[in-house]
């Protein structure tokens, strides 16, 4: 099993969610996060004053999947969240040692 973590632009979430459902992803978790990468933040003008925004708002998605879906999920995130511009985000892939469904006690891929 794998845990795929993606950091994406907030505007891409709905499109990505629909695309992931279409390839067989049965659930995901999202969090509102902020951070910076190569873009190092940006500046905004509010009521005539310029402000430095050091942490850019992003959405973090976490998806626990069977190994067989790994490449499909990665390619879907790349296609749906990418715009070929700075700030598109990152994808991290982790080995997932165990998953347990609390309600039934199912373990492994059956719990996903």
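Condition first: within 27 Å of residue 101 (Cβ to Cβ), assigned to a loop (DSSP other than H, G, I, E, B) and either in contact with a strand residue (DSSP E or B) (Cβ under 9 Å, 6 or more places away or on another chain) or in contact (Cβ under 8 Å) with a residue 60 or more places away in the chain (or both). Now tell me which residues in the stretch 14-65 satisfy that.
24, 25, 26, 27, 28
Quick check on residue 3: is it surrounded by 10 or more Cβ atoms within 10 Å (Cβ to Cβ), outside any loop (DSSP other than H, G, I, E, B) and without any contact (Cβ under 8 Å) to a residue 60 or more places away in the chain?
Numbers: surrounded by 10 or more Cβ atoms within 10 Å (Cβ to Cβ): yes; outside any loop (DSSP other than H, G, I, E, B): yes; without any contact (Cβ under 8 Å) to a residue 60 or more places away in the chain: no.
It is false that residue 3 is surrounded by 10 or more Cβ atoms within 10 Å (Cβ to Cβ), outside any loop (DSSP other than H, G, I, E, B) and without any contact (Cβ under 8 Å) to a residue 60 or more places away in the chain.
Of the residues that make up the stretch 85-96, is at least one free of Cβ contacts under 8 Å to residues at least 60 places away in the same chain, surrounded by fewer than 11 Cβ atoms within 10 Å (Cβ to Cβ) and either in contact with a helix residue (DSSP H, G or I) (Cβ under 7 Å, 6 or more places away or on another chain) or part of a loop (DSSP other than H, G, I, E, B) (or both)? I'd like the intermediate steps shown before the answer.
Filtering the stretch 85-96 for residues free of Cβ contacts under 8 Å to residues at least 60 places away in the same chain gives 85-86.
Checking the rest, the ones that are also surrounded by fewer than 11 Cβ atoms within 10 Å (Cβ to Cβ) come to 85-86.
Subsequent filtering for residues that are either in contact with a helix residue (DSSP H, G or I) (Cβ under 7 Å, 6 or more places away or on another chain) or part of a loop (DSSP other than H, G, I, E, B) (or both) retains 85-86.
For the stretch 85-96, residues free of Cβ contacts under 8 Å to residues at least 60 places away in the same chain, surrounded by fewer than 11 Cβ atoms within 10 Å (Cβ to Cβ) and either in contact with a helix residue (DSSP H, G or I) (Cβ under 7 Å, 6 or more places away or on another chain) or part of a loop (DSSP other than H, G, I, E, B) (or both): present.
Since every read-out is calculated from the coordinates, none of them should be taken as a lab result. Every value quoted in this text rests on a predicted model; they were computed, and no experiment measured them. As a convention, Cβ positions derive from the backbone with ideal geometry for all residues, glycine included, and neighbour counts pool all protein chains shown.
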